[in-house]
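Data first, discussion second: the structure below is written as structure tokens.
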Amino acid sequence: MLSLLRHLLAVFLYLLLPGAHGRFPNYNNGFHYHDISNGNGNGEIFFNGVRLHVESPQLAVSASRGSSVILPCHFHYEPEPNTPRRTRVKWSWIPANTISEPVFPVATARETEVMVAMGKRQRSYGSFKGRVRLRRSVPGDMSLVINELQLNDTGRYRCEVIDGLEDESVTVDLELRGVVFPYFSQKGRYHFNFFGAQQACQDQDATLATFEQLFTAWEEGLDWCNAGWLADGTVQYPIIVPRDGCGGNNLAPGLRSYGQRHRLLHRYDAFCFSASIKGTVYFLKHPTKLNFTEAVEACVRDGSQIARVGQLYAAWRLMGLDRCDAGWLADGSVRYPITVPRANCGPPDPGVRGFGFPPAHLKFSVYCYR
């Protein structure tokens, strides 16, 4: 050990000698910096001045389900290098429908790879395989094109450009245009644990709403006094008009929150999010009223299927469906959509009116989906 220390001390003293630095070959990694021999003689390192910039003109993008969307990302160097550089681009994603604070000590949300590309070679992963590509409209354009947008594609996307040891990134949030609606079980209020709520929304062609989606719905007038699960594992509900039984008269309007709840043991309703649909929801004109079984069969005979709740909400909100006739839906509920409020069609505000889950033998009309 002593001999090693002596050797290191000798090397150190040698480097302090005038001109000693000139006896070692220069080191340069070709991009980021030059070693001390290229400094100003005062022990200061000079950087070569080339810097990688990664930017996006839009930090949030909204689109419709089933459509294509472009998440913008561009990179450039300052100053521009004289010769082309080999860069690698990686797009990754954190889903919006993610539990942020798990009840159990499981892995927290991590970025999932969407695609990687170097030169003309690229590879996509998971549910994005075959649906994504780089736009490459101009040099430095690494914008991500996603085709056939799905409900679960919402979230935060990261565009990372890597050049050697240097990497820079920018994030873009993707939102789908849609509608939030409260949903409860046929058994009554507060019967869903978290996983049951997830499944209930999925069964209605929807997903559990995110906090941001519920907040937007509250800003647009959603007022609902029953607590429901959200995608992050919290339980909340939106209040426009404070009142007893809904947090009290003394609280300001807003989202009431119970915070994180136990996803297995605690039971509430659900707030679902439905985006635009590819097909058409329509009121089936039938000479007679139908019980539930007859309603299902009538849609099939018409070349369709009985509509789901999420589909009816999306058709009402995004396609202007307006019909003052109550009809069966696939979950056994009876509802009807009102875009233009009028006499004998319920409350004075637009919305989807509901009759709950009446006995299956009762007679109503039906809404079909094609």
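Annotations
- Scanning segment 84-98 for residues that are modelled with pLDDT of 80 or more, more than 17 Å from I162 (Cβ to Cβ) and part of a loop (DSSP other than H, G, I, E, B) yields a single hit, A96.
- Scanning segment 151-171 for residues that are within 28 Å of K278 (Cβ to Cβ) and touching a Leu at 6+ places or on another chain (Cβ under 9 Å) yields L151, D153, T154, G155, R156, Y157.
- For segment 123-135, residues that are more than 18 Å from the chain's Cα centre (by Cα) and loosely packed, with under 14 Cβ neighbours inside 10 Å total 2.
- Of all the criteria given as (1) in a loop (DSSP other than H, G, I, E, B); (2) surrounded by 14 or more Cβ atoms within 10 Å (Cβ to Cβ); (3) in contact with a helix residue (DSSP H, G or I) (Cβ under 8 Å, 6 or more places away or on another chain), the one not satisfied by P242 is (3).
- Matching residues in segment 54-92 - criterion: being within 15 Å of T171 (Cβ to Cβ) and out of contact with any Leu (no Cβ under 9 Å at 6 or more places or on another chain): V54, E55, P57, L59, H74, K90, S92
- Flag if V309 is within 19 Å of F184 (Cβ to Cβ) and out of contact with any His (no Cβ under 9 Å at 6 or more places or on another chain): yes
- Of residues in segment 351-370 being free of Cβ contacts under 8 Å to residues at least 24 places away in the same chain and assigned to a loop (DSSP other than H, G, I, E, B), the one nearest to S185 (Cα to Cα): G356
- Taken as a whole, the structure places G303 among residues that are over 29 Å from A209 (Cα atoms), within 34 Å of the chain's Cα centre (by Cα) and surrounded by fewer than 20 Cβ atoms within 10 Å (Cβ to Cβ).
- Of all residues making up segment 116-137, the number that are over 18 Å from D163 (Cβ atoms) and either without any contact (Cβ under 8 Å) to a residue 60 or more places away in the chain or not assigned by TED's automatic domain parsing to the domain that holds R86 (or both): 12
- Pair list, Cβ < 8 Å and 6+ apart or interchain, from segment 202-227 residues that are more than 22 Å from G279 (Cα to Cα) to residues that are surrounded by fewer than 17 Cβ atoms within 10 Å (Cβ to Cβ) and β-branched (V, I, T): W218/I240; G221/I240; L222/I240; D223/I240; D223/V241
- Positions within segment 141-155 being of a type outside the set (S, T, Y) and either modelled with pLDDT under 95 or in contact with a helix residue (DSSP H, G or I) (Cβ under 7 Å, 6 or more places away or on another chain) (or both), in sequence order: I146, E148, L149, Q150, L151, N152, D153, G155
- Top-ranked residue in segment 61-92 [being touching an Asp or Glu at 6+ places or on another chain (Cβ under 6 Å) and either of a type outside the set (K, R) or free of Cβ contacts under 8 Å to residues at least 60 places away in the same chain (or both); ranked as surrounded by the fewest Cβ atoms within 10 Å (Cβ to Cβ)]: S62
The values are calculated or read from the model by the stated rules, or taken from the named source; none is laboratory data. The model shown is predicted, which means the values in this text are computed figures rather than measured ones. Virtual Cβ from ideal backbone geometry, glycine too; neighbours counted across all protein chains shown.
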